[in-house]
Each structure stands twice: as C-alpha cells, then as structure tokens.
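Okay, structure first, notes after.
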Amino acid sequence: MLGRDDLLPLKKTPLHGLHVSLGARMVPFAGYDMPVQYPPGVLREHLHTRGSAGLFDVSHMGQIALTAKSGRVEDAAAALEALVPQDIRGLPRGRQRYAQFTNADGGILDDLMVVNCGWYLFVVVNAACKDADEAHLRAHLSDTCVIEPLADRALIALQGPKAEAVLAKFCAEAPAMRFMDAGPRKVMGLDCIVSRSGYTGEDGFEISVPAGHAEELARALLAEADVLPIGLGARDSLRLEAGLCLYGHDIDATTTPVEAALEWSVQKVRRPGGARAGGFLGAERILAQFGAGAPRRRVGLRPEGRAPVREGANLFADEAASEPVGKVTSGGFGPTLNAPVAMGYLPSALAAAGTQVFAEVRGQRLALRVAATPFVKNTYKR
Amino acid sequence: MTTLFTSDHEWLQIEGDVATIGITDYAQSQLGDVVFVELPKVGRTLKKAEAAAVVESVKAASDVYAPISGEVVEVNQAITEEPALVNSDAAGKAWFFKIRMTDKSELGGLMDEAAYKAHTA
C-alpha cells in the first residue's frame, strides 16, 4: 500500500544536481531524492571516510532556529527543557548537545542536536520527523518562542581524520574547535554555522551553509585530494559501527532514552535528585527507569559467524527457544571491522556484554554476543 | 558449451546434464561490494525458482534462485571464503553451484547472451 509520502514528488536538496553529475545512484529517503552511493561504492566510501575525509549531503535534515520572544537565549533554553530531558539551560554559548524530544509516555519522538548560538538556539532534527518536530515545538513553545525553520540552508558534513586539515583551508578557526563546539563561522567567506561533530564516529564538522552557495562550497571541498563524496549507504554503516542510533529503527516513540541506553545524554541536573529533575514530557516514566532500571535495553551485537544479521531479525535466549526475547533494530556489515555488526533490544537480564543470544536468519539460529559500543573506537577531538 | 541467462540475472553453463550457475556481471554491479555468500548444501534438491543461495552487500541481502530443477552436486567454497570474487570475476571464478538437471526442458524459457544483453540494456 502506498503511504502518503509515496504520492508526493520527491524533494531535492540544493546539492541534488551535484550528486547526479558525480554519478550517484539516487534513491528516495525521507521524501528526498538522495545519493545512496557514488561510483566507488559503499565499501570504499566507508573506508575512505575512516582513513581520509568524506563529504556528506545532509541537507534533508531539518534546521530550526528557536528564539525567545524576550530576546534572551536563557528563556529559549528554559522553554526547550520542557520537551527534552537534557540540560539546555546549562549549555554554554558556542557549544552543542545531543538531545531527544520525548512524548508523554517517555518514548522518543526524535533525536536532535542543539547549539547555543548566543542569541538563539540552533536545532538540527531528522528529515523524516522535521514537520512533526516543528509542529511539536509550535504546539508547546509558541507562547514564549519564535520557531523558524531555516529552509534556505543546506547542511554539509565533512568527516574523517583529514577533515580538520581540509576545512582549515576554508575556515581558519576550524582547528581550534573542540568536539561539540559550534556556532557562527565564516567558511570560504560565507556565513555558516559550523559544529565539530557528526554521525560517523570520526572527528569532523557539520556546516550549515546558505542554500545558494552550498554547491560552490561542496565543489571546493571535493576539489581537495583527500575528500570524496559519500552516500547514505556508507553513512549508515559508519554510524552503525560507531554505535549511534538511527531514528525510526533503533529508537522511536515506543523506546525511552533509558531503554535506548542513552542515559549518558541526560545530565545529572535533570535526573532524579538533580536540581531540575524532570519537568519534561514523559519524565515520570523516564525518571522511574533511572532509579529502577528499564525492562529492556538497546545493546550492541556481534554475530559470531560471517553472516550479517539485519533489522527485524528476532532474537532468542538460546538456540532452541520458541519465543523471541528481542529484535535486531539495525544490522549489516562493518567494513572497518570486516565483520557483521548489529544492535537491538534485549531484556535487561540478557543485556550484559558477553551474553550469547541467537538470531533467526532464513530459518537458522545464528549465535551473537552482546558487545559494548562503539564497535569502532571514535576519534573525536575532545 | 552453451551459456544461458535468466531474467533474475543468473547465468548457466550447460555441460551434458550439469548446469554451472552464477550471477551476471550486471547483477554484481547492481549489488555492490559483496561481503557474504551462503551456498546450498551439496545433495540438496532444488525446484526451479526456489531460493538457493544468498549474496549480501554492505547494504542488503539478495536471494539467488535456482534457475532450473535438480540436485546440487558441487558448490564453490572459494566465494564463501572470498566474497569479493563475485565482484571481480562474476562470469568466471565466482560460479556459485552446479546442478544435475532433472528436466532439461526447463532450459527452454531462458535467454541467450544476445537476448540477455537486450534485457539489461
């Protein structure tokens, strides 16, 4: 059956023409016509990002400016704290933080990045959720804040060990940034918002650039010998090796931040006993799970054989068990590890690293071990 | 020796009652880098159009269907040990399995090389 999105023409990012001219294989993703891979293919693109630098078009993601009507960024931060379990009031100017929009049941509506830009909050959300996120922000924060989608901006990620040296040629301030530093910077003379972050596990940057200049900047970065364009295929295998969640797969409206093993992203001040504990949608359930634990956990999984175990595979406590105890939510092949990797949900009693479980793949039970994430050590410049 | 093709992008080389089966160069280029291959067991009886093998890229798993009915008499372990062979030599060293055919009349529906080229053009 066709979904609503299947009936609408696919949207194009400002870099669409560039992708086509580079020979990308284009696929529909979150309502956009996006490059899944370029001629080198997913495996080489993945390894190039880990060894050198990769350029990703992530312009399909939502960019939103959240400004308090009072003009004080502190008021925008306080307002946003009603919708996320993170410490936003304590986010210093020029810093970025990972957060989740929660619902009244404690489930995750979307995950997002928040930057304190000094006079407003710059928010980046997932493409598939951006319309709903904007409506959610308007429904809850319109009294105190102006919510402005930044539709005229593209978003380019430059990731990998050579990203710093490459970007330094276009933005002299880039090397001085630490992991999760973010804010307005000139890149090639353009007014950009640059963050030292990304979603590959590598050091790197994300650059929000005026749409009309996005192709010019992308072409300039791609003209550097160390940089190759990277498609969504390798973006997925890179983030999976880095143990990072993909919204709609590893986290969704039915998983809480504690079940999703994202407690690290909830600062102490908003946990039980903290000065501003709770006060966000779903706090009752989430705070209770901080105390008592969650019935299930998101875990990393390493198949013991060579066969990839993919999303949707049922997980069993032993080889002969008839009832599944969990499910794989992301899985595939990790080119850096040269081995299959996966993540999924298991009952907390089975979530300890080293625990053996079994996945059903094509009628066979394959052994996996619960493993710590990230699978590939991240290289952030802290 | 005759080489025939299926619309599912498999090739068959026919020698007497035995067909050697692989996937075409076009198929491997569409799949991308192959990272895992699962082959049928020797001795297994396959019906035409039955899922017989699995070939996986970084992104996705794809079935390889039996293009003809018969018994599996040999499989190519070289491609389970080195899946990248499927990308580098799909039409040669990276054959998948050999079937002793039970009904050679099933070959009638398959394409010759010219027809397959037109099919993928």
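Every read-out reported here was derived from the displayed coordinates using simple, explicitly stated rules and does not represent laboratory data. All values derive from a computational prediction rather than experimental measurement. Using ideal geometry, Cβ is built from the backbone for each residue, glycine included, and neighbour counts are taken over all protein chains shown.
Quick look at the values:
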| read-out | value |
| --- | --- |
| Separation in nanometres of the label points that stand 7 Å from Cα toward Cβ, at residue B:114 and residue A:349 | 6.9 |
| At most 14 other Cβ within 10 Å, DSSP loop - GluC sites (Glu not before Pro), the range B:20-102 | B:50 |
| Estimated FRET transfer efficiency when R0 is 41 angstrom, pair residue A:327-residue A:172 (beta carbons, to 0.05) | 0.30 |
| Residue A:12 paired with residue A:254, simple spin-label distance in nm, labels 7 Å along Cα-to-beta-carbon | 3.8 |
| Percentage, to the nearest whole number, of Cα pairs in the range A:103-247 over 19 Å apart | 56 |
| Cα shape, the range A:295-376, gyration tensor, a/c 1.5 rule | oblate |
| Tail fraction, Cα-Cα pairs, chain A, threshold 38 Å, whole percent | 17 |
| Nonlocal amide H pairs with residue A:260, under 5 Å, H built at 1.01 Å | A:298 |
| Whether the range B:2-120 is rounded, prolate or oblate, judged on the alpha carbon gyration tensor where a/c under 1.5 counts as rounded | oblate |
| Given charges at beta-carbon only (K, R positive; D, E negative), |dipole| of the range A:91-189 in Debye | 620 |
| Within chain A, longest stretch free of exposed GluC sites (Glu not before Pro) [DSSP loop, at most 14 other beta carbons within 10 Å] | A:1-172 |
| Rounded to the nearest 20 debye, dipole of the range B:2-120 from Cβ charges on Lys, Arg, Asp, Glu | 180 |
| Extreme residue, positive dipole direction of the protein assembly as shown, given options A:48, A:272, A:234 (C-beta unit charges) | A:272 |
| Entries in B:41/B:98; A:327/B:47; A:12/A:169; B:48/B:98 that, when Cα-Cα distance is taken, lie over 20 Å | A:327/B:47; A:12/A:169 |
| For chain A, size of Cβ-based charge dipole, Lys and Arg +1, Asp and Glu -1, in debye | 800 |
| For the range A:150-203: relative contact order, % (alpha-carbon pairs under 8 angstrom, 6 or more apart) | 34 |
